[in-house]
Amino acid sequence: MTQRAFAGIERYAIGLGAAATGLVLVAVFYYPVATVFREAFFPEGLLTGSVFVSILTDPFYMGELGRLLSGEPPGEVLRRIASPDRQLGILGFTAYQAALSTVASVALGVPAAWILARFEFRGRETLRSLTILPFVLPSIMVAVGFVATFGRNGTLNAILGTVGVGPVELMFTLEAIVIAHAFYNAPLVARVVTAAWEAVDARAIETARSLGASPHRAFLDVVAPQLYPAVLMGATLTFVFTFASFPIVLALGGFQLATVEVFIYRLIRDLNYAEAAGLAILELVISLSLTYAYLRYEAANAVRRGASAPGRRKQLFPRTWTPTALLERFAVAGYALLAVAVFVLPLASMIWASLTGPAGFTLDHYRFLLERQATGAAFQVQPWPAVRNSLVFAVATLGVAVPMGLVVAVATTRRYRGRKVVDALAMAPFAVSGIIVGLGLLRGLVFGVEIGGWRITVAGAVAIVAAHAVSAYPFVTRNVAPGLEGLDPALTESARALGASRARALVDVELPLVWPGVVAGAAFAVAISIGEFNSTIVLATGTDSYTMPVAVERYLGRRLGPATAMGVVLLAVTSASFIVVERLGGYVRH
């Protein structure tokens, strides 16, 4: 009887998982978003498109395209586009800075992937684990680190001053925004491309070489086609993230370099919900369109593979120095210097600020944290509850986001009509404005919803874990789905022919083959939960469910030192958690 019950559960496990995932998404994502978007379609209680017409025809938002849509002659619009006085508009500038940020992120991320995938050196695994650390740091801390590094009195100008160069002023410029976005997103590009590079079957390269292909030709014909989808995935995600970037642009660019997200924030602050929602819908349409286009490309270029034989990595310090080996090591050294300037200096400056004061070296900032923990009042933010809450929420997020991500990955890699539309909708949390989601949660589930005479509220720790899981599960899906898409269907069909259920075939056959993607997705889920700020600051207000990023923000309002000390604690906890998840994942696999 028990075996029959288990067999029944196993048979419908994937369907039940899909239904549960759908309910969670409807409750904590689509409903809150719909709550806010209703303001755009029913600003006065009646259905109207006047908000969209107003935005689409306003040159302030749409640039010269707005003039064309408002009825100005095409010839006049073309003349203005060709002139120095052309307007990009808020949407145009947002796309422009996102494009520059994407180019910078890919330019920094792909060389990192080459080094991590093709060279062996001590500490490579740890360095690989830590590459994603900048991506999950709270943006408010990144802004502090960039001010400490690239500000007029920052570390960079101090270094340049010792050699008689400078000073360089990068703050509140487009360059500062692009560099900060590259700091965040180049590690993401590096991580997805590294995984793709390591999965290249060395036997295919050897076959190409045995047929007379040069190393350059073998790379172009065998390796590069298997990397393009990963590079495009990283570039698309980077563009979507930077298109909707908010804290970095606000902190490093201000309103003079405002993007769509910053203006949505300003409109919400001014209680202009209708125009904010209309602008957010346009942003969502653009982001979802890009995501949908990428998913179609990914499906069209999926590479079928069974078990692969990874190639051997080169030693970073070879026994024999050929001209090619010397050139490659020069390239590695040059990239290392650039990486230190972009990735290490902001973090090092933050750590240095936590250990120094007006009189030089001091531990006063850390002593403040200990005193706050020992003597702080109940209403004050204390360090240990922040660390504890962050870890508890991260574990809970891991338990929710990984099954959700796996279910969505399975559901979106099967063959049926409309599959890519479902995939794009499931990836919507990537694209929707974080401000809109937070506002929708606050105005909906946190305040309560009347259903059948019952008032349902979701607040505190449950709401925070739900919000974290919705933010994290797409990363699990995107790390697993390409692997599932590329598996040979004959492997699953063989298991099914031997009597295995669909769920059993998934667990015993498919997941072991895509396990590196599952581990990478799990690590993303933990790190994103620990570093999440936007929705947590909304949902934790007035409760004791605050996390480390919220504590950093609260201490930042006091003075810089304690905030940087708490930031260092956050940095250490995030790094340790990330490494533990990846090592445990590797242990479970073996």
Item to complete: Quick one: compute a quarter of the convex hull surface over the Cα atoms of region 436-548 and quote it in nm².
Response: 10.0 nm²
Worksheet, complete the sentence: Whole-percent carbon and sulfur contribution to the accessible surface of the chain (1.4 Å, no ligands, DNA or RNA) stands at 66 percent
Worksheet item: For region 29-157, with the dipole built from +1 on Lys and Arg beta-carbon atoms and -1 on Asp and Glu ones, taken about the Cα centre, which of I90, L108, G66 lies farthest toward the positive end?
Response: L108
Item to complete: May I ask you to give the solvent-accessible area per residue for the chain, in square angstrom, as obtained with a 1.4 angstrom probe?
Response: 47 Å²
Response to the item:
Ranking P225, G145, V240 by how far each Cα lies towards the positive end of the charge dipole of region 124-264 (+1 on Lys and Arg Cβ, -1 on Asp and Glu Cβ), the top one is P225
Response to the item:
On each of the three principal axes the extent of the alpha-carbon atoms of region 25-169, given in whole Å and largest first, is 63, 48, 34
Worksheet item: What FRET efficiency, computed as 1/(1 + (r/R0)^6) with R0 = 35 Å and r the Cβ-Cβ distance, is obtained for R209 and L127, rounded to the nearest 0.05?
Response: 0.75
Response to the item:
Taking a ≥ b ≥ c as the square roots of the Cα gyration tensor eigenvalues, with a/c under 1.5 meaning rounded and otherwise prolate when a/b beats b/c or oblate if not, the chain comes out rounded
Item to complete: Quick one: order K314, K420 from most to least accessible surface, probe 1.4 Å.
Response: K314, K420
Worksheet, complete the sentence: So the pair-distance distribution of region 231-274, from every Cα-Cα distance in 10 Å bins, comes to percents of 28, 42, 24, 6, 0
Discussion item. Taking a ≥ b ≥ c as the square roots of the Cα gyration tensor eigenvalues, with a/c under 1.5 meaning rounded and otherwise prolate when a/b beats b/c, else oblate, which class fits region 131-229?
Written reply: prolate
Practice prompt. With only Lys, Arg, Asp and Glu charged, each at its Cβ (+1 for the first two, -1 for the last two), find how big the charge dipole of region 48-204 is about the Cα centre; round to the nearest 20 debye.
Written response: 380 debye
Response to the item:
Residue separation between Y12 and A325 times 0.36 nm, minus their alpha-carbon distance, gives in nm 107.2 nm
Worksheet, complete the sentence: Dipole check, the chain, charges on Cβ (K,R +1; D,E -1), about Cα centroid: among L337, G161, A182 the Cα furthest to the positive pole belongs to L337
Fill in: Sequence-separation-based contact order of the chain, relative, with Cα cut under 8 Å and 6+ spacing, percent
20 percent
Practice prompt. Go through 217-226, 517-526 and give me the packing order, highest mean Cβ count within 10 Å leading.
Written response: 517-526, 217-226
Fill in: Segments 80-93, 358-371 sorted - mean Cβ within 10 Å per residue, highest first
80-93, 358-371
Worksheet item: Quick one: which of 377-383, 237-243 comes out on top by average Cβ neighbours within 10 Å, and what's the full order, highest first?
Response: 237-243, 377-383
Worksheet, complete the sentence: Taking region 365-459, the whole-percent share of alpha-carbon pairs separated by over 19 angstrom is 69 percent
Worksheet item: Under a point-charge model restricted to the Cβ atoms of Lys and Arg (+1) and Asp and Glu (-1), what is the dipole moment magnitude of the chain relative to its Cα centre, in debye to the nearest 20?
Response: 1460 debye
Fill in: region 274-424: equivalent-ellipsoid semi-axes (sqrt of 5 x gyration tensor eigenvalues, Cα, Å)
41, 35, 19
Worksheet item: Could you give the dipole magnitude of region 162-278 about its Cα centre, charging the beta-carbon of Lys and Arg +1 and that of Asp and Glu -1, in debye to the nearest 20?
Response: 200 debye
Worksheet entry | Length-normalised contact order of region 261-403 in % [C-alpha pairs under 8 Å, at least 6 apart] | 7 percent
Discussion item. Can you give me the solvent accessible area of W321 with a 1.4 Å probe, rounded to the nearest 10 Å²?
Written reply: 130 Å²
Worksheet item: Among rounded, prolate and oblate, which fits region 492-587 when a ≥ b ≥ c are the square roots of the eigenvalues of its C-alpha gyration tensor, a/c under 1.5 means rounded, and a/b larger than b/c means prolate?
Response: prolate
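The values are calculated or read from the model by the stated rules, or taken from the named source; none is laboratory data. Predicted model, so just to flag it, every value in this text is computed and none were measured. Glycine also receives a Cβ, built like all others from the backbone with ideal geometry; neighbour counts cover every protein chain displayed. Keep in mind that these areas ignore ligands, DNA and RNA; they rest on the heavy atoms of the full protein, side chains included. Shrake-Rupley method; radii C 1.70, N 1.55, O 1.52, S 1.80 Å.
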